[in-house]
Amino acid sequence: MKRLAEEQFKAWQCAKRRKPLIVRGARQIGKTWSIAQFGKTQFSNFVKIDLEKRSDLHPIFDGDLSPEHLISQLELALNVTITTGDSLVFFDEIQSCPRALMSLRYFYEDLPDLHVVAAGSLLEFALEEIPFPVGRVQFLNMYPLNFYEFLLATGKTKLAEKITQKPEKLPTVIHDKIMGSLRDYFFVGGFPEAVKAYCESKSTLEAFRVQKEILISYQHDFAKYATRADKTCLNMILENAAQMVGEQNKYSKLADGFSNPTIRRSFDLLCMAKLLNKIPATQPKIPLSAGANVKKFKTTLVDIGFMQSLSQLSVAQEIKHKDLLDIYRGKLAEQFIGQELRITQDCELFYWAREARSSNAEVDYLIKRQEEILPLEVKSGKGGSLRSLRLMLDQNPECPQGLVLYSGEYAELPEQNITFLPLYYAGQLNESNNKGSYSNV
């Protein structure tokens, strides 16, 4: 599968100011496979060291952490030769050996010409617990396949190219084809193993089986949280968050029978593990983070297929809906938009909410592009009132234009500064998309 991260890996490889690279992301999103493909295709020598499987190698890191010492010991233990320029050294599951994680700073300081990559599960937990100097490593965030990558994986290369171009009104037959693939993505999701199962079998049922297996593996991972959070609370939060995507939330709604501090601690851990994304309410001012209200938030999950699996949707019933915004009362569409923005923006997301007597208003997402703020609404059609969006545009000069993402075709209301975009263009709203961005909608 072609992943957008490939280009980021190559840019890191050639960078003059290269540092050891830590690849972050939830389990099962393709970190190890992608790094291995990169190492095998771009280097004459790829050395993978799985520190979870090879606990016998941990004593190498107990004493001297100088790169020369570590490399000489690893060469002997693995019967390999590691040379700068030709080798990529990959420490997988590095969180299982905290001293190996600490050693990355010395690779930067003492052996910067050697290409070193690390990845692991629950890395944020490990990074909290060891002295890790800022500025000695670089980070790359990976996510499940987005819709563009899904189209490539399913052989729809021409459609993938089309959604990376400047938005326009497409011929109805092309629009319908893309929307048909988007319907598949809504249920298959972006976990590489689920996509692979779907491509090989042409059956969403096989993808559903993979999703269930991944859910079980995540739940087994909860044992690693044992000293930090209650397993029952974690499960309850995940399930409730999946059912409440798109809704304004508060901690007390996420789990019954637990105190707010316990729920918050469990919720934060799930965010650290990259299974949940917290989307705070904020004001339409730059920077968006300055006005964020941490107590008023929405959530999305790591993956849309994972979300529908957790929600235990009646797929046979939901898949009958012609309009994607009707599926699960529009929640899958809002998850999709949030997921696309999260992957391509690679930053924190926000929404806007105003609570006033008899005059509440809410806009689904706010994103920054250049020095402007774009408010995004996810709607089922052009016939809605869009009252909240119009209110924001009227009252905030920082928001010169509003976007509505929906199931229909591209359309403009220039007199109202509102553009209607098909859902599949959501991944093109950032400033520097890997496949090209656009500056004017």
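Descriptive notes on the structure:
- Residue ID - nearest to CYS271 (Cα to Cα), chosen from residues in the stretch 81-104 that are among the charged types (D, E, K, R) and surrounded by 19 or more Cβ atoms within 10 Å (Cβ to Cβ): GLU93
- GLY135 fulfils the conditions (1) surrounded by fewer than 18 Cβ atoms within 10 Å (Cβ to Cβ); (2) at positive phi; (3) touching an Asp or Glu at 6+ places or on another chain (Cβ under 7 Å) except for a single criterion, (3).
- Some residue of the stretch 141-152 being over 18 Å from the mean Cα position of the chain (by Cα), of a type in the set (D, E, K, R) and at pLDDT 95 or above: no
- Picking from residues in the stretch 11-32 that are open to solvent by 50 Å² or more (accessible area, probe 1.4 Å) and among the charged types (D, E, K, R), the one that is modelled with the highest pLDDT is ARG24.
- Contact annotation: residue pairs with Cβ atoms under 6 Å, 6 or more positions apart or on different chains, pairing a residue in the stretch 18-45 that is under 24 Å from LEU270 (Cα atoms) with a partner that is β-branched (Val, Ile, Thr) and part of a strand (DSSP E or B), are LEU21/VAL117; LYS31/VAL23.
- Across the stretch 1-10, not a single residue is classified as at pLDDT 95 or above, in contact with a Cys (Cβ under 6 Å, 6 or more places away or on another chain), on the phi < 0 side of the Ramachandran plot and not charged (D, E, K, R).
- Selected residue (criterion: nearest to MET102 (Cα to Cα)) from residues of the stretch 33-58 that are in a helix (DSSP H, G or I) and open to solvent by 80 Å² or more (accessible area, probe 1.4 Å): ASP56
- With respect to the conditions (1) over 22 Å from TYR328 (Cβ atoms); (2) in contact with a Phe, Trp or Tyr (Cβ under 8 Å, 6 or more places away or on another chain); (3) hydroxyl-bearing (Ser, Thr, Tyr), SER201 lacks only one, and its number is (2).
- Complete set of residues in the stretch 202-223 that are more than 18 Å from MET236 (Cβ to Cβ), open to solvent by 50 Å² or more (accessible area, probe 1.4 Å) and assigned to a helix (DSSP H, G or I): LEU205, GLU206, ARG209, LYS212, GLU213
- Of all the residues in the stretch 224-248, those that are surrounded by fewer than 18 Cβ atoms within 10 Å (Cβ to Cβ), of a type in the set (A, V, I, L, M, F, W, C) and free of Cβ contacts under 8 Å to residues at least 40 places away in the same chain number 1.
- Within the stretch 111-122, one or more residues are within 20 Å of GLY63 (Cα to Cα) and open to solvent by 10 Å² or more (accessible area, probe 1.4 Å).
- Which numbered condition ARG228 misses (of (1) part of a loop (DSSP other than H, G, I, E, B); (2) of a type in the set (D, E, K, R); (3) under 26 Å from VAL378 (Cβ atoms)): (3)
- Those strands (runs of 3 or more DSSP E) of the stretch 80-168 in which 2 or more residues are polar (S, T, N, Q) occupy 138-141.
- Matching option when the condition is surrounded by fewer than 20 Cβ atoms within 10 Å (Cβ to Cβ), more than 26 Å from GLN28 (Cα to Cα) and either modelled with pLDDT of 95 or more or touching a strand residue (DSSP E or B) at 6+ places or on another chain (Cβ under 8 Å) (or both), among LYS169, LYS156: LYS169
- Criterion: over 27 Å from GLU128 (Cα atoms) and in contact with a Cys (Cβ under 7 Å, 6 or more places away or on another chain) - qualifying residue of THR154, THR262: THR154
The values are calculated or read from the model by the stated rules, or taken from the named source; none is laboratory data. Note that the coordinates shown come from a computational prediction; the quantities given were computed from them, not determined experimentally. Note that we place each Cβ from the backbone using ideal geometry, even for glycine, and neighbour counts take in every protein chain shown. All accessible areas refer to the heavy atoms of the entire protein, side chains included, with ligands and DNA or RNA removed. Shrake-Rupley method; radii C 1.70, N 1.55, O 1.52, S 1.80 Å.
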